[in-house]
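My questions will all concern the structure given below.
Where a number appears in this text, it was derived from the coordinates with a stated rule and is not lab data. Because the structure is a prediction, the values reported are computed rather than measured. Cβ: placed from backbone, ideal geometry, glycine included. Neighbour counts: every protein chain shown.
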Amino acid sequence: MKKIFFLLFVTVKYLLLPVNIYSQGVAINNDGTQPNSHAILDVKSPNKGALLPRMATTERMAIPVTADDAGLLVFDTDKQTLYLFDGQNWLAMAFVTNDQLPPVNRTASDKANGDAFGWSVSIDGDYAVVGAYTDDIGGNSDQGSAYIFIRNGSTWTEHAKLTANDGQPSDFFGRGVSINGDYVIVGAQSGDNGAIINCGSAYIFIRNGATWTQQAKLNALDGTTDDYFGSTVSISGDHAIVGAYVDDIGASTDQGSAYIFARTGSSWVQQAKLTSLDGVAQDRFGVSVSIDGNYAVVGAVYDDIGANFNQGSAYVYFFNGTVWAQQAKLYAIGGEAGDEFGGSVSINGSSVIVGASRYDFNANAEQGVAYVFIRNGTNWTIQSSLHAEGQPHDLFGSSVSISGDYAIVGAVGYGDDTNEFQGSAYLFKWTGTSWRFIRKITDINGDGGDFFANQGISIDAGRYIIGAPGKNAQGSVSFGTVD
């Protein structure tokens with residue numbers, strides 16, 4: 001290799017080392033070694049290191065980085081670790097194994113204050129959907145939107161932005177989202193249906209190649225004002241479920257309901273309206289919903305169990321090919337008043353996970369708990385209760401999701417006195433005999449008011465997404481893997 005006739009001397013920690021510049025790169029050493037053929041810069045020393053720019057967190061965050069600055073590397077003196085800018089976020093580098101890697105944050109390309117991006121999330125395979133229910137669309141304040149992200153290798157990038165064809169101010173489109181295969185459902189809990197104001201709606205979108213288009217708008221056949229239809233949604237195959245947790249059932253105010261819709265070709269029609277057989281006023285049935293195949297689960301967060309006011313429950317429904325019927329009522333044996341069991345639910349196969357975020361664990365008020373139920377035939381029984389090494393008011397169970405042998409549980413109340421509602425999540429794995437705690441997940445750059453894992457949490461096929469709708473007043477999501 002031809003050597004360019006040029007020689008410099010630089011000081012590296014008080015040691016003079018020659019800088020040898022070759023046509024293929026630069027070598028800094030004291031033995032004349034040529035640079036590695038794949039390196040533009042090759043530094044070698046038997047007893048010295050290279051010092052990168054060192055700065056406080058506030059100084060690092062003040063760097064006006066753009067996507068063109070991907071690869072920028074600095075040492076954060078507050079965090080005592082290296083940080084790499086990946087084109088959108090600063091990533092901490094002081095990790096040695098895969099299970100210690102922090103999640104990677106993503107934000108909306110058109111992010112703005114008050115969007116609540118990350119309030120709702122869902123992941124399925126290589127696609128994820130994120131709700132931003134107070135996003136302003138044009139002149140429509142709080143109309144709301146949803147964003148599709150796609151995975152390529154280990155990188156998640158924004159793929160599309162979804163809005164309702166007939167969106168109006170304060171629809172809150174994106175309050176609930178769910179994705180399965182080529183279909184996405186987005187709830188707009190305050191949408192109008194003709195002359196019926198604020199009854200709520202839901203929208204189905206379908207993917208064709210790289211294009212997502214609105215396929216249908218869903219409304220309850222008996223919808224009325226302020227039902228909050230669309231506050232929670234879930235989709236699986238040819239069925240979708242939509243919660244309406246303040247629907248009045250007869251004279252029972254805010255008893256709540258959920259609606260099943262079925263697809264035939266490109267048409268979606270209401271197939272069933274679900275209510276609890278023992279429902280009463282203020283149960284808030286439908287505050288959480290989840291569907292998988294022929295099974296659906298619905299939370300009733302304020303259901304009274306015996307004398308326990310607002311202990312909460314969840315109901316499992318089964319579709320026999322003709323009708324949807326209540327198969328079981330789930331609640332915690334030994335639960336207490338105010339646990340709010342059913343505030344979050346998720347179903348996968350023969351397993352259901354239910355959060356009770358205001359459960360008092362030992363002396364810790366509202367530390368929270370989550371319960372895993374398993375089906376054997378038509379019987380559902382508690383398999384395990386999941387806890388974290390938490391603190392009072394962590395609200396563990398604020399969000400839950402289950403997929404295969406993995407479950408993930410959010411604790412939105414996590415944080416100290418200066419970082420209230422920073423939020424955290426906990427990963428568990430079924431070993432064949434018990435659920436084992438794997439690790440705690442936090443945003444390494446998290447702060448109070450992020451509301452990390454508030455309601456937005458989802459796991460599928462070894463990958464998860466967690467929403468933080470309050471982060472930087474705009475919202476963000478975090479993508480990660482179980483190993």
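What does DSSP give for the chain in terms of the percent of beta bridges that are antiparallel, rounded to the nearest 5?
95 percent
Please work out how much length the chain gains when fully extended from Ser350 to Val43, using 0.36 nm per residue of separation minus the C-alpha to C-alpha distance, in nm with one decimal.
That pair, Ser350 and Val43, stretches by 104.9 nm at full extension.
Tell me the label-point distance for the pair Asp222, Glu158, using the 7 Å Cα-to-Cβ offset, in nm and rounded to one decimal.
Between Asp222 and Glu158, the label points sit 4.2 nm apart.
Hey, another quick one. Compactness ratio of the stretch 80-179: Cα Rg over 2.2 N^0.38 Å, N = residue count?
1.23
On alpha carbon coordinates alone, what is the Rg over Rh value for the stretch 54-94, Rh being the Kirkwood radius?
Taking Rg over the Kirkwood Rh, I get 0.93.
Ranking request for peptides 60-70, 196-206: highest mean number of other beta-carbon atoms within 10 Å first, then the rest in descending order.
196-206, 60-70
Per residue of the stretch 109-119, what does 6.51 cos²θ - 1.76 cosθ + 1.60 with θ = phi - 60° give for ³J(HN,Hα)? Whole Hz please, x for Gly and Pro, Karplus curve as stated.
Karplus-based 3J(HN,Hα) across the stretch 109-119 equals 5, 10, 4, 8, 4, x, 6, 6, 4, x, 4 Hz.
Let me ask something additional. For a protection proxy built on the mean count of beta-carbon atoms within 10 angstrom, sort 279-291, 360-372, 316-328, 333-345 highest first, please.
Descending mean neighbour count gives 279-291, 333-345, 360-372, 316-328.
With the cut-off at 1.5 for a/c, could you classify the chain from its C-alpha gyration tensor as rounded, prolate or oblate?
prolate
Quick one: if you take sqrt(5λ) for each eigenvalue of the C-alpha gyration tensor of the stretch 126-195, what semi-axes come out, biggest first, whole angstrom?
In descending order, the three semi-axes are 24, 12, 8 Å.
Which order do the peptides 174-182, 106-114 come out in when sorted by mean C-beta neighbours inside 10 angstrom, highest first?
Per-residue Cβ counts within 10 Å, averaged per peptide and sorted highest first, yield 174-182, 106-114.
Is there a quick way to get the dipole size of the chain? I mean about its Cα centre, with the Cβ of Lys and Arg at +1 and of Asp and Glu at -1; what is the value in debye to the nearest 20?
My answer is approximately 1940 debye.
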